[in-house]
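Worksheet: the structure to be examined is printed underneath.
The values are calculated or read from the model by the stated rules, or taken from the named source; none is laboratory data. Here the structure is a predicted model, which is why all the values come from computation and not from measurement. Cβ placement follows ideal geometry from the backbone for every residue including glycine, while neighbour counts extend to all protein chains displayed.
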Amino acid sequence: MLKTKNNRTMSEKTHENEVKTPQDQNNENMSDNQTIENVSENVDLNENMTDESAIEKLQQEVASWKDQYVRLVAEFDNFKKRSFKEKMETIQTAGKDVMLSLLDVVDDSERAEKQLETATDVKALKEGMQLVFNKLKHTLQQKGLKSFDSIGQAFDVEKHEAVTEIPAPSKKMEGKVIDELQKGYLLNDKLIRYAKVVIGKSNES
């Protein structure tokens, strides 16, 4: 009998432990809600930290690109200034080499001029002047300057400037250059001066 009573008492205690009061249920619900809120707050905090990290990374990238852009602009500005300076120097000194090469011819011309004052040998003077002239032509040719022949050539608007027309001395010379009033010149094979010429026209017109 004692054993049965003890069993009943333990069963009652177990039943009492299993039965929960409304207050206990409410406390458990509050605890669950608190846990959910804590988890939610942690998730939100992690998301905020992730967003802030992404924003900070983007800001760093923007700052880096901005720095590169500023450097490129500065380098390009320096390049433009340097190029402009070099261009101006080239323009200002473009004829320096030519002028230096012509100074020898100028010196020869001055010496020839002094000889004209006292010389009596005309033949020697002519030879001296011819030497100076040949030296001048040779110097200019070395710099890329050369003349081109026009007389007897067909009129070419790319090289010739017609001053006037006269009746051609023969059928063969019609439309061709009969006389040259001023030579044409090329510099490094590029036309720099048209030849002024007289054109032969048809006698039938």
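Structural remarks
- Reported count of residues in the range 87-107, each being modelled with pLDDT of 90 or more and of a type in the set (D, E), is 2.
- Positions within the range 172-205 being of a type in the set (G, A, S) and in a strand (DSSP E or B), in sequence order: G184, A195, G200
- In the range 126-142, the qualifying residues are those that are at pLDDT 90 or above and charged (D, E, K, R), and the one that is farthest from N188 (Cα to Cα) is K135.
- Cβ pairs under 7 Å, 6+ apart, first in the range 182-205 and closer than 21 Å to G152 by Cβ, second part of a loop (DSSP other than H, G, I, E, B) and among the acidic types (D, E): G200/E174; K201/E174; S202/E174
- Of note, K123 satisfies the criterion of being loosely packed, with under 10 Cβ neighbours inside 10 Å, without any contact (Cβ under 8 Å) to a residue 24 or more places away in the chain and farther than 30 Å from L191 by Cα.
- Out of T139, T164, sole residue that is hydroxyl-bearing (S, T, Y) and over 37 Å from the mean Cα position of the chain (by Cα): T164
- The set of residues in the range 157-171 being closer than 15 Å to Q182 by Cα and part of a strand (DSSP E or B) consists of H160, E161, A162, V163, T164.
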